[in-house]
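K.L.:
One structure, pasted below without further comment.
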Amino acid sequence: MKTIELKGVKRAETGSNANKHVRAQGMVPAIIYGNADPEQISLPYNDVAKALFTPNTYIVSLEIDGSKTVSIIREAQYHPVTDRILHVDFYRIPDGESIEFELPVRLVGTAAGVRNGGRLVPLTRRLKVRGIPVQMPEFVEVDVTDLELGKTIRVSEIDTDIELISPPSAGVAMVDIPRAVRTGEAGGEEEGEEEEV
């Protein structure tokens, strides 16, 4: 996994009014927790946006008042209308320990169903995994080469060494059968029936 560096400062005041003041200064209120006392911090909005508005999952090296913490983004809150970042939770990564987090999905190969006129439809962008972040790849690679028309590949069918925590029955991608292909198949069946008669 890639690492992104963010610099911020500690904040003493908390609560909705304090958070509004932080946001008015172009910063994002945040918290670091896990394996030590929680730390209330604030970070420049544009820097946080680079870490969040991306399909990637990053290890985040936080430099707060000169002290560094290796973390991962556990949760982010957004404004329901504007999608502006309101608050971010960072989780300290325990040294050498496995944790649960999400990795983006990368579909590879050309599905057999696509070669027969279907359309590949991703069903999820991320999967929950368990592992040591520094030892993990940037994404979960899912080979869709053998995926036929109308079929779905599920978490349980992914060939990977990564420990997947997402439900085994959850769909990852499917090949949709377009109306034109369905109509063509129906027409072919009707013609075949007529020829038999």
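K.L.:
For H87, what residues show an amide H to amide H distance below 5 Å, using hydrogens built from the backbone and excluding near sequence neighbours?
P.N.:
For H87, the qualifying residues are Q77.
K.L.:
Counting each DSSP H run of 4 or more residues in the chain as -39500 (n - 2.57), what helix-only mean residue ellipticity at 222 nm follows after dividing by all residues, to the nearest 500 deg cm²/dmol? Show your work: numbers first, answer last.
P.N.:
Working: 4 runs with 39 residues, N = 197.
Calculated from helices alone, the mean residue ellipticity at 222 nm is -6000 deg cm²/dmol.
K.L.:
Could you rank Y91, Y33 by how accessible they are, 1.4 Å probe, largest area first?
P.N.:
On the way: Y91 45, Y33 70 Å².
Largest accessible area first, the residues go Y33, Y91.
K.L.:
Which one, P80, V70, H21, is farthest towards the positive end of the dipole of the stretch 1-82 when Lys and Arg carry +1 and Asp and Glu -1 on their Cβ?
P.N.:
Farthest towards the positive pole: P80.
K.L.:
Follow-up. Find the relative contact order for the stretch 33-121 and round it to a whole percent, using C-alpha pairs within less than 8 Å whose residues are 6+ positions apart. Mind dumping the intermediate values first?
P.N.:
Values: 83 pairs, mean separation 20.6, N = 89.
The normalised contact order for the stretch 33-121 reaches 23 percent.
K.L.:
How many nm separate the modelled label positions at E13 and V81, each set 7 Å beyond the Cα in the direction of the Cβ?
P.N.:
2.5
K.L.:
When only C-alpha pairs under 8 Å and at least 6 residues apart count, what is the relative contact order of the chain, in percent? It would help to have the intermediate numbers written out before the result.
P.N.:
Details: 381 pairs, mean separation 34.5, N = 197.
It rounds to 18 percent for the chain.
K.L.:
Let me ask something else. Taking the solvent-accessible surface of protein heavy atoms with a 1.4 Å probe, what is the per residue accessible area of the chain in Å²?
P.N.:
60
K.L.:
Return a single number: how many Lys pairs in the chain, at a sequence separation of 8 or more or on separate chains, have alpha-carbon atoms below 21 angstrom apart.
P.N.:
Eligible lysine pairs with Cα atoms under 21 Å apart amount to 10.
K.L.:
Right, next: Wrap a convex hull around the Cα atoms of the chain, take a quarter of its surface area, and give that in square nanometres. Intermediate results must be reported in sequence, preceding the final value.
P.N.:
Working: hull surface 59.5 nm².
That works out to 14.9 nm², a quarter of the Cα hull's surface.
The values are calculated or read from the model by the stated rules, or taken from the named source; none is laboratory data. Please read these numbers as outputs of a predicted model, since none were measured by experiment. Virtual Cβ from ideal backbone geometry, glycine too; neighbours counted across all protein chains shown. SASA here: full protein model, heavy atoms, side chains in, ligands and nucleic acids out. Shrake-Rupley method; radii C 1.70, N 1.55, O 1.52, S 1.80 Å.
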